[in-house]
1. What is the dipole size for the chain, taken about its Cα centre, with +1 at each Lys and Arg Cβ and -1 at each Asp and Glu Cβ, in debye to the nearest 20?
2. Kindly state, to the nearest 0.05, the FRET efficiency for Y25 paired with L204, given R0 = 35 Å and r defined as their beta-carbon distance.
3. Search the structure for amide H atoms under 5 Å from the amide H of T67, placed 1.01 Å from N in the peptide plane, and list their residues when 5 or more places away or on another chain.
4. Looking at the stretch 70-169 only, what percent of DSSP beta bridges run antiparallel? Nearest 5 please.
5. What is the dipole size for the stretch 73-169, taken about its Cα centre, with +1 at each Lys and Arg Cβ and -1 at each Asp and Glu Cβ, in debye to the nearest 20?
6. Sum up the charges of everything whose Cβ sits under 12 Å from the Cβ of G38, counting Lys and Arg as +1 and Asp and Glu as -1, but leave G38 out.
7. Could you give the length gained on full extension between R212 and R144, defined as 0.36 nm per residue of separation minus the Cα-Cα distance, in nm?
8. Farthest toward the dipole's positive end in the stretch 73-169, which of I148, A98, I86, given Cβ charges of +1 (Lys, Arg) and -1 (Asp, Glu) about the Cα centre?
Amino acid sequence: MRYVLEEIKTQYIKENPKANIQITYGSSGMLTQQIVNGAPFDLFLSADTVFPTKIKEKGRASGEVKTYCYGRVAMWSASLDVSKGINTVLSIEVKKIAIANPATAPYGENTVAALKKQKLYDKIREKIVWGENINQTAQFAFSRNAEIGFIALSLALAPEMKNRGNYYILPEDICPPVQQAAVLIKGWEKNGEAAKFLDYLTSLKCKTIWERYGYGVNE
């Protein structure tokens, strides 16, 4: 999310020079726990729909949960050709495979589900290194501490990763797009910019930015 949100934020501030937007990045599960415990955020953008719904159930949300994009999982490597598909994980050259913690990172959850669906998970489970979030997972692969990393397509398309490795997008029949949702947090009214920013990032003005980073959006 970092790359696309920073670009959207820059564009938004150009149009709204007085806006003050501070973005904190972390795994969806970790941020949810912080919000439930009273962290002073105004808007939560999750990598799934489960965590925003949990915030609403805990009475910390203001308004409805709103889908803002659909993400894809990509298999990325700096040293191996992964173009032949997900079975590359069985290669003898693969010693470590980085996956985000499925308990807190939706992309990790979808990755594990896809590997199990293809009956690969039990064959590679001893090779898995778990990332705290999708960014740490990407770092494991980027630094070559893991031969393969299952990451968000948006990260695979980021300039530094796109130019240093190659990727394979997991097909939708194996790994469905990750529906990502947002919710305003109670008390956001003290910072009216939160609702405006949510409306903006889901508007047509940002559609091409989302798509350039591999996300799908509602028409």
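Where a number appears in this text, it was derived from the coordinates with a stated rule and is not lab data. Only a predicted model underlies this, so the values are computations on that prediction, with no experimental measurement involved. Cβ atoms come from the backbone with ideal geometry, glycine included; neighbour counts cover every protein chain shown.
1. The calculation lands at about 220 debye.
2. 0.90
3. Amide H neighbours of T67: A182.
4. For the stretch 70-169, the DSSP antiparallel bridge percentage is about 55.
5. On the way: 12 positive and 8 negative charges, 47 e Å.
My answer is approximately 220 debye.
6. Net charge in that neighbourhood comes out at +3.
7. Numbers: separation 68, 0.36 × 68 = 24.48 nm, distance 2.59 nm.
Working it through step by step, the gained length comes to 21.9 nm.
8. The residue sitting most towards the positive pole is I86.
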